[in-house]
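Chemist: Sharing a structure below in structure tokens format, with a few things to ask.
The values are calculated or read from the model by the stated rules, or taken from the named source; none is laboratory data. Since the structure is predicted, the reported quantities are computational estimates derived from the model, not experimental observations. Every residue, glycine among them, receives a Cβ derived from its backbone with ideal geometry; neighbour counts consider all protein chains shown.
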Amino acid sequence: MTLYDVFNRPLENLRISVTDRCNFRCSYCMPAHKFRQGYSFIRSADLLTFEEITRLARGFSRLGIHKVRLTGGEPLVRPGIEQLVGMLSQVEGIREIAMTTNGFLLPQKARLLRNQGLMRLNISLDSLDEAVFQRMNGGRAKVTDVLNGISAAEQAGFSPLKINTVVQRGVNDHTLVDLALYFRERGHIVRFIEFMDTGTLNGWKYDHVLLTDELIQRIGRVVPLRPLPAHYGGEVVKRYGYADGSGEIGFITSVSNPFCGGCNRLRLSAEGKIYTCLFARQGVDLRRLLRSGASDEVIAECIKETWQHRKDRYSEERSNGQRTEKVEMYHMGG
Ligand code: SAM
Ligand code: SF4
Ligand code: SF4
């Protein structure tokens with residue numbers, strides 16, 4: 001079965017956040033001056049257990065979801081995360097399990113994750129310039145820490161990798177051609193993400209966004225690019241190939257060219273709320289249902305209702321003025 005929302009968008013992908021904690025403090029996500037020691041994150045007792053997440057995944061699979069992505073916060077800081085991967089890989093109907101990570105803990109975790117059935121990895125890295133990278137991650141990691149994580153992922157058999165790079169005008173944009181060329185050499189696919197106004201804490205301004213067309217021109221002047229066809233309808237990334245056939249890069253144009261029309265994603269937060277948009281004000285609490293003994297049918301009905309009433313198209317409406325109240329991205333799952 002497939003569920004459709006008010007605008008006829010199918011429910012196809014699920015992002016599962018396993019924690020709202022993180023070992024980095026990226027300025028565009030959890031700026032260090034706002035998340036000092038003592039900031040209160042979700043209590044462990046309030047996190048969905050792996051059994052609860054797996055039960056929900058079984059229900060989502062019956063509602064037509066075949067792809068899940070684990071995220072956070074930083075998914076690798078959740079103890080035993082590889083066990084969850086193993087449990088999800090046993091769920092009938094889930095054909096793809098992926099993860100987005102900052103890569104710092106991959107030297108310890110990459111092989112365990114692969115052995116438990118993780119299929120794809122996106123690793124975030126915003127610059128190869130040490131000072132720029134540290135400025136962006138709140139001084140929590142060096143470039144080599146992430147490159148070591150990337151090597152560990154390669155050795156564990158994850159290939160090609162996707163490298164997620166947030167683009168901020170005046171912050172890292174002067175280092176991005178180098179980053180693209182570096183990963184072209186190594187056969188990985190960089191995906192440049194326009195800086196978004198997620199949450200309310202990252203000080204977003206339109207002037208801080210380097211629009212994708214300009215970045216494509218800058219890269220194209222050094223290595224010619226040609227657009228590639230989408231893999232499937234509703235693909236959020238705009239794919240380009242290097243004209244000499246030496247690889248691929250992608251652009252996520254949430255600000256300059258929003259893709260709400262094809263948005264088929266639901267997010268499940270670490271405390272068990274579902275969100276139908278990255279810029280949502282509120283979610284729907286499934287943990288309350290799980291912990292009050294609700295049947296699978298009652299939970300499925302709640303998910304159906306939520307999706308079928310969905311009208312979100314925030315990025316398409318952004319130019320009418322930003323929303324002042326939003327759940328933070330690290331909290332609902334990025
Ligand atoms: N901690 C993991 C990581 O950083 O890869 C997973 C969670 S993170 C919220 C997911 C992705 O969202 C990362 O690639 C991150 O760079 C990106 N991201 C976070 N805040 C963003 C923002 N304001 N604009 C664009 N991308 C953002
Ligand atoms: Fe952590 Fe990822 Fe947010 Fe950076 S983007 S602070 S690594 S959750
Ligand atoms: Fe989907 Fe909301 Fe992003 Fe639009 S703004 S693409 S509806 S998550």
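Chemist: Go through the range 278-334 and count every residue that is in contact with a Leu (Cβ under 7 Å, 6 or more places away or on another chain), within 16 Å of ligand 2 (Cβ to nearest atom) and among the aliphatic types (A, V, I, L, M).
Modeler: Final tally of qualifying residues: 1.
Chemist: Cβ-Cβ under 6 Å, sequence separation 6+ or interchain: first residue in the range 73-88 and at positive phi, partner away from ligand 1 (no atom under 16 Å from the Cβ). Which pairs?
Modeler: none
Chemist: Looking for whichever is modelled with pLDDT of 95 or more and part of a loop (DSSP other than H, G, I, E, B) here; the options are Ala230, Ala270, Ala300. Which one fits?
Modeler: Ala270
Chemist: Which residues, taken from the range 191-239, are among the charged types (D, E, K, R) and away from ligand 2 (no atom under 16 Å from the Cβ)?
Modeler: Lys205, Asp207, Asp213, Glu214, Arg218, Arg221, Arg226, Glu235, Lys238, Arg239
Chemist: Still on this structure, please answer the following. Any residue at all in the range 149-160 that's under 15 Å from Phe195 (Cα atoms) and either more than 16 Å from ligand 3 (Cβ to nearest atom) or buried (at least 18 other Cβ atoms within 10 Å of the Cβ) (or both)?
Modeler: Scanning the range 149-160 turns up no residue that is under 15 Å from Phe195 (Cα atoms) and either more than 16 Å from ligand 3 (Cβ to nearest atom) or buried (at least 18 other Cβ atoms within 10 Å of the Cβ) (or both).
Chemist: Does Gly86 qualify as being of a type outside the set (Lys, Arg), within 30 Å of Lys205 (Cα to Cα) and either in a loop (DSSP other than H, G, I, E, B) or more than 16 Å from ligand 1 (Cβ to nearest atom) (or both)?
Modeler: So Gly86 fails the test.
Chemist: Can you tell me how many residues in the range 319-334 are buried (at least 18 other Cβ atoms within 10 Å of the Cβ) and part of a helix (DSSP H, G or I)?
Modeler: The total comes to 4.
Chemist: Moving to a separate point now. Any residue in the range 145-166 that's closer than 20 Å to Tyr28 by Cβ and among the hydroxyl-bearing types (Ser, Thr, Tyr): show its pairings with residues that are in a strand (DSSP E or B) and within 15 Å of ligand 1 (Cβ to nearest atom) at Cβ separation under 6 Å, as long as the two are six or more apart or on different chains.
Modeler: Taking only residues 6 or more apart or on different chains, the pairs are Thr165/Val190; Thr165/Phe192.
Chemist: Right, next: Condition (residue is part of a helix (DSSP H, G or I) and of a type in the set (Ser, Thr, Tyr)) applied to the range 176-189: is it met by at least one residue?
Modeler: Among the residues of the range 176-189, at least one is part of a helix (DSSP H, G or I) and of a type in the set (Ser, Thr, Tyr), which makes the answer yes.
Chemist: So Leu118 fits all but one of (1) in a loop (DSSP other than H, G, I, E, B); (2) within 28 Å of Lys326 (Cα to Cα); (3) within 18 Å of the chain's Cα centre (by Cα); (4) within 15 Å of ligand 1 (Cβ to nearest atom); what number is the exception?
Modeler: That leaves (2) as the condition not met.
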